[in-house]
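Right, one structure below, let's go through it.
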Amino acid sequence: MPRTALLQLGPMMSLIERQIEEAFEVHRMHEARDRDALLASVGPRIEAIATNGHFMKADEVLLSKLPKLRIISNFGVGYDSVDTAAAIARKIIATNTPDVLNEEVADTALGLLLMTVRELGKAENYLRAGHWATQGDYRLTPLTLRERKVGIVGLGRIGKAIARRCEAFGMGVVYYGRSKQAGVTYNYYSDLAAMARDTGTLIVITPGGAATRNLIDAKVLAALGPRGVLINVARGTVVDEAALIAALRNKTIAAAGLDVFWNEPKIDPELMTLDNLVLLPHVGSGSVYTRDGMGQLVVDNLKAFLAKKPPLTPVPETPFKSW
C-alpha cells in the first residue's frame, strides 16, 4: 500500500526527519534542483507539509499546487510563514508547537533582561580580557531592576510565564494586547506608548505577521525614555529596527536586548556597532530538551492525521472539524 505523500519545506532536526521518513513518502523541497518540476510531479499527491517556517512560506501560491493537502505541521509556536487565510479557504489544518517551549523562552527573556540591564556579558568580557587584574573592578552599572516595572507586549502563554518570573524578581507587571483578558490581575493597557511611558521597560512576546509589523516604532521608543529598556524575544518584524538603531545611538532609550531580527541570520551590521545593545542568535527555545519536545509535537500532529485523529495543537485560525 503506497504511503501518504509529505512535502518537507526546509531542513529539520533529525528527530523529525527520521520519524517522518518512517511514516510518509517524503519529498524535500530544499534538496530539489528544480522545485517547480518537483511540485508538478508530486504536488497532486501531497497531503501533508512539515515546515520550520524559515526555508519558504506555505503561501497561496504553494497551496494552490497541492490540491490534496490537509495538514501543515509547523515547527515553532510562531506560524507567520503559513498563510492561514489560504489554508482556511482550502480546509487545511495548520498546527504549531505551543506550550512545550514556554518556560525556556521565558527563561531566555529574563536572562536577556539581566544581561541588558546589568551588563553581564560585558562584565565577563572585561574579566576574560584581563582588565579586572590590570584596571580594577568593572564599572557600576547605571541601570538596575530595582523599582522597575515591566510592560509585557503580548500576554499569551509565554507572556504569562515571563510575568511570573518578573514578579519573582520584585518587578511590577502590566500588559498590552488586542483586548483585556478575563481572569488576569495585571493592569491592562490599550495604548502601547502609554504603557512604555509608565513602565520604562518593555518585553515583547507578541506573534509576528502583518498585524504586528513595526509595532514597536519611534513613538513607542521615545515613550520609553532615556532610562528605558526594550527586550524582544518575539519576532524581529515586531520592532522597527531603523527606529531602534536611532533610539540607541541617540540615547533616546538606555539599552535593548534582542534575540530576534528582521533579516536573521544576516542582521543589519549597524546593530553590531551599538555598545548599549545585547544580541543573541535566536536562542529563545534553544535547549535539547525543549527542541526535542517541539520536534516530537510536529511528528505527533502528522501521525494524528495519518490515524484520522484530531490534531494535538491546531492553530486558532484553523480549528479542527474533520479530515
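The values are calculated or read from the model by the stated rules, or taken from the named source; none is laboratory data. In this text the structure is predicted, and so the values were computed from the model without any measurement. Here Cβ is always computed from backbone atoms with ideal geometry, including for glycine, and neighbour counts include all displayed protein chains. Surface areas here come from the heavy atoms of the whole protein model, side chains and all, with no ligands, DNA or RNA. Shrake-Rupley method; radii C 1.70, N 1.55, O 1.52, S 1.80 Å.
From the list LEU15, LEU62, LEU101, pick out the single residue that is among the aliphatic types (A, V, I, L, M) and touching a strand residue (DSSP E or B) at 6+ places or on another chain (Cβ under 9 Å). Even if it seems obvious, please write down each step before you answer.
Details: LEU15 fails: touching a strand residue (DSSP E or B) at 6+ places or on another chain (Cβ under 9 Å); LEU101 fails: touching a strand residue (DSSP E or B) at 6+ places or on another chain (Cβ under 9 Å).
So the residue among LEU15, LEU62, LEU101 that is among the aliphatic types (A, V, I, L, M) and touching a strand residue (DSSP E or B) at 6+ places or on another chain (Cβ under 9 Å) is LEU62.
Here's the yes/no breakdown for (1) open to solvent by less than 80 Å² (accessible area, probe 1.4 Å); (2) within 15 Å of the chain's Cα centre (by Cα); (3) of a type outside the set (Ser, Thr, Tyr):
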position	(1), (2), (3)
LEU258	yes, yes, yes
THR273	no, no, no
GLY284	yes, yes, yes
PHE305	yes, no, yes
PRO311	yes, no, yes
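Mind checking which pairs have a first residue in segment 278-294 that is within 27 Å of ILE253 (Cα to Cα) and a second that is aromatic (Phe, Trp, Tyr) and open to solvent by 60 Å² or more (accessible area, probe 1.4 Å), Cβ under 8 Å, 6 or more apart or different chains?
Final answer for the pair search is none.
Determine if segment 115-127 includes at least one residue that is over 20 Å from ALA254 (Cα atoms), in contact (Cβ under 8 Å) with a residue 24 or more places away in the chain and in contact with a Gly (Cβ under 6 Å, 6 or more places away or on another chain).
No, the conditions are met nowhere in segment 115-127.
For segment 286-299, what are the residues that are within 16 Å of ALA106 (Cα to Cα) and either of a type in the set (D, E, K, R) or open to solvent by less than 10 Å² (accessible area, probe 1.4 Å) (or both)?
THR290, ARG291, MET294
Determine if segment 34-51 includes at least one residue that is of a type outside the set (Gly, Ala, Ser) and within 29 Å of LEU280 (Cα to Cα).
Taking segment 34-51 first, the residues of a type outside the set (Gly, Ala, Ser) are 34-36, 38-39, 42, 44-47, 49, 51.
From what is left, the residues that are within 29 Å of LEU280 (Cα to Cα) are 51.
Yes; the residues of segment 34-51 include at least one that is of a type outside the set (Gly, Ala, Ser) and within 29 Å of LEU280 (Cα to Cα).
Please specify each residue of segment 215-253 satisfying the condition of being of a type in the set (Gly, Ala, Ser) and surrounded by fewer than 21 Cβ atoms within 10 Å (Cβ to Cβ).
Going residue by residue through segment 215-253, those that are of a type in the set (Gly, Ala, Ser) are 218, 222-223, 225, 228, 234, 236, 242-243, 246-247.
Selection gives ALA218, ALA222, GLY225, GLY236, ALA242, ALA243, ALA246.
What residue, among those in segment 22-33 that are in a loop (DSSP other than H, G, I, E, B) and farther than 16 Å from PHE305 by Cα, is most open to solvent (accessible area, probe 1.4 Å)?
Result: ARG33.
Could you check how many residues of segment 165-214 are touching a residue at least 60 places away in the same chain (Cβ under 8 Å), surrounded by fewer than 19 Cβ atoms within 10 Å (Cβ to Cβ) and not in a loop (DSSP other than H, G, I, E, B)?
Residues in segment 165-214 being touching a residue at least 60 places away in the same chain (Cβ under 8 Å), surrounded by fewer than 19 Cβ atoms within 10 Å (Cβ to Cβ) and not in a loop (DSSP other than H, G, I, E, B): 0 in total.
Identify all residues within segment 47-68 that are in contact with a Pro (Cβ under 9 Å, 6 or more places away or on another chain) and either aromatic (Phe, Trp, Tyr) or more than 18 Å from GLY209 (Cβ to Cβ) (or both); write none if there are none.
If the condition is that a residue be in contact with a Pro (Cβ under 9 Å, 6 or more places away or on another chain) and either aromatic (Phe, Trp, Tyr) or more than 18 Å from GLY209 (Cβ to Cβ) (or both), then PHE55, LYS65, LEU66, PRO67, LYS68 are the ones that fit.
Tell me, yes or no, whether segment 14-21 has at least one residue that is over 30 Å from ALA211 (Cα atoms), open to solvent by less than 10 Å² (accessible area, probe 1.4 Å) and modelled with pLDDT of 95 or more.
Initial filter on segment 14-21 (over 30 Å from ALA211 (Cα atoms)): 14-21.
Checking which are open to solvent by less than 10 Å² (accessible area, probe 1.4 Å) leaves us with 16, 20.
When the remaining residues are screened for being modelled with pLDDT of 95 or more, the result is 16, 20.
Checking segment 14-21: at least one residue is over 30 Å from ALA211 (Cα atoms), open to solvent by less than 10 Å² (accessible area, probe 1.4 Å) and modelled with pLDDT of 95 or more.
If TRP132 passes every condition in (1) touching a residue at least 12 places away in the same chain (Cβ under 8 Å); (2) among the hydrophobic types (A, V, I, L, M, F, W, C); (3) surrounded by fewer than 21 Cβ atoms within 10 Å (Cβ to Cβ) but one, which one does it miss?
Looking at each condition in turn, TRP132 falls short on (1).
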